[in-house]
Amino acid sequence: MLQEIMLKAYKAYDDYIENGTFKSWLLRIASNYLNNYYSRNSVECLSLDYEDEEFNSLYGYLSSEELSPEEKLIHDELISNVMLQISKLPKKQRQMITYRYFYDMSIEEISTKMNIPKGTVKSTTYYAIETLRKHFNVDLKGEKDMECKEIYKYLFIYANGTIQPDHKKLVEEHIKTCPKCNDIVVALQKLIPTMVFALEDEMTYFCVSFPELQLAYTGIRYEVENFEQCKKAIEEWKGHIPDEENNMSSGFTKNCQLIARFDNEGNEIKMKIYQETETHYRAKPIFYKKIFKYMWNYDVYENKVASSDIRKSKEAPNLYYGSYNNNLGANAKSALYQAIPKEAENIRIKRGNGVIDCDTYKFAYVVRYVTEEENIRLEFSFLLDK
Ligand SMILES: [Zn+2]
């Protein structure tokens, strides 16, 4: 193009009248040429180095890892393939990516143009980029994901307002720049007020599961037997539970891993985890800051194996199904909430109560009283709007 412009300038040099600077004359020729070029050819421009405070550049997203020369070769091919993959995104995602990165529109402008809330534009664009990254096998376990894993344990107690101030600051700083974690928070903040718990002197149990993130928040509230005695003992021990005290331990299977436990006021209950049998683990509290008559244990689990998951149907495109169950081993009001994609449509629940729409996620759920032997099960299927 530079060659073309210089040639044009050379040919037009006889018409050049010395009444302005030579530079502005040349720039006018260049600008006319480029305008013509872009109106003739509808060139798709991918802003590879465009950056702002909302997102890094698309290039940055796709190349956030340090690349070796070999990797760089493969990487360049990937970039040239981006266009093709964008065309395969769901309609809304494709539109947003086009507006955002081809037309350089701001989140706000896209929000107005598409009549979609700003937060949704932000997260939809984010998911589209994540999809592209996954497609191109760009390593997702980058620094950001490490940071997310650190923050996961606080998100439920942040959303329900029991978090301690220093942890609250951590969460708020992270979700400012992480739409994925912000989505979890937004969804939980909408979900929690709709959750139904048992009466105070009854046992209540819930599990909020995010299968795609292999993350589950559970809560159990129970009455502490011999509360006054327990309280006195814990005060004497200054919160440190002696090894021989075993009656406050709880179990979980090898399919998941307890990450953290918090009490009614968001204090972390320090736990010691040990293997009990080949398939079961026990978690024993070793430090309590405080003990309550009606004690909450808010647990955060990482699911090692998808104990609950959403599977894609082999027979029908866009049909997904999943199930989830628990047997608590105690009489309780039990509730399961399973996060499913917000785009999911035509949700059918076999053994459950309904669906709670929480903007960034939908939650299929079941709530009921169960006896010690009973198993509670939630089954659902849905069609994804593509
Ligand atoms: Zn995050």
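The values are calculated or read from the model by the stated rules, or taken from the named source; none is laboratory data. None of the values given here were measured: they were computed from a predicted structure. Cβ sites come from the backbone with ideal geometry, for glycine too, and all protein chains shown count toward neighbours. Side chains included, ligands, DNA and RNA excluded: accessible areas come from the protein's heavy atoms. Shrake-Rupley method; radii C 1.70, N 1.55, O 1.52, S 1.80 Å.
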So which residues in region 351-382 are more than 25 Å from the chain's Cα centre (by Cα), at pLDDT 90 or above and charged (D, E, K, R), if there are any at all? Arg368
Flag for Leu188 being within 16 Å of the ligand (Cβ to nearest atom), farther than 14 Å from Asp299 by Cβ and not polar (S, T, N, Q): yes
Can you confirm whether Glu268 is free of Cβ contacts under 8 Å to residues at least 24 places away in the same chain and over 32 Å from the mean Cα position of the chain (by Cα)? no
Is it the case, given these coordinates, that His240 is touching a Gly at 6+ places or on another chain (Cβ under 6 Å) and not small (Gly, Ala, Ser)? no
Return a yes/no flag: does region 196-208 have any residue that is out of contact with any strand residue (DSSP E or B) (no Cβ under 7 Å at 6 or more places or on another chain), within 16 Å of the ligand (Cβ to nearest atom) and open to solvent by 30 Å² or more (accessible area, probe 1.4 Å). no
Quick check: anything in region 259-282 among the small types (Gly, Ala, Ser) and within 21 Å of Lys231 (Cβ to Cβ)? yes
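Matching residues to (1) crowded, with 17+ Cβ neighbours inside 10 Å; (2) more than 26 Å from Ala198 (Cβ to Cβ):
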position: Ala332; (1), (2): yes, no
position: Ala344; (1), (2): yes, yes
position: Cys358; (1), (2): yes, no
position: Val366; (1), (2): yes, no
position: Glu374; (1), (2): no, no
position: Ser381; (1), (2): yes, yes
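In the set Glu172, Glu130, Glu147, which member is of a type outside the set (A, V, I, L, M, F, W, C) and in contact with a His (Cβ under 9 Å, 6 or more places away or on another chain)?
The unique qualifying residue is Glu147.
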Residue match in region 252-260 (condition: farther than 26 Å from Tyr337 by Cβ and not acidic (Asp, Glu)): no
